[in-house]
């Protein structure tokens, strides 16, 4: 447990930031999962329509430091390659 006043405040802030970070990570994972399920179902047009939304979610997560930049690039690249394979 935090002892000093500043440590208590930092702990409260970290708990609040955690909520936002988990929300952003969850939305990113949900969109990526939607695209993956559409690819597996063979619905390429729907998957392509969701690609900008997936890129946006991945980029926002990278911008906020939830995932690293290279991880974001890898995720986007692999999604795009999966869509291209199903064409």
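The values are calculated or read from the model by the stated rules, or taken from the named source; none is laboratory data. Since the model is a prediction, treat every value here as computed from it, not as a measurement. Positions of Cβ are generated from backbone atoms using ideal geometry, with glycine treated the same way; all protein chains shown enter the neighbour counts.
General observations
Here is a yes/no grid of residues against (1) out of contact with any helix residue (DSSP H, G or I) (no Cβ under 6 Å at 6 or more places or on another chain); (2) modelled with pLDDT under 95; (3) surrounded by 15 or more Cβ atoms within 10 Å (Cβ to Cβ):
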residue	(1), (2), (3)
1	yes, yes, no
10	yes, no, no
55	no, no, yes
58	no, no, yes
61	no, no, yes
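- Within segment 37-53, the set of residues being in a helix (DSSP H, G or I) and touching a helix residue (DSSP H, G or I) at 6+ places or on another chain (Cβ under 7 Å) comprises 38, 39, 44, 46, 47, 48, 50, 51, 53.
- Residue in segment 64-71 that is outside any helix (DSSP H, G or I), in contact (Cβ under 8 Å) with a residue 24 or more places away in the chain and at positive phi present: no
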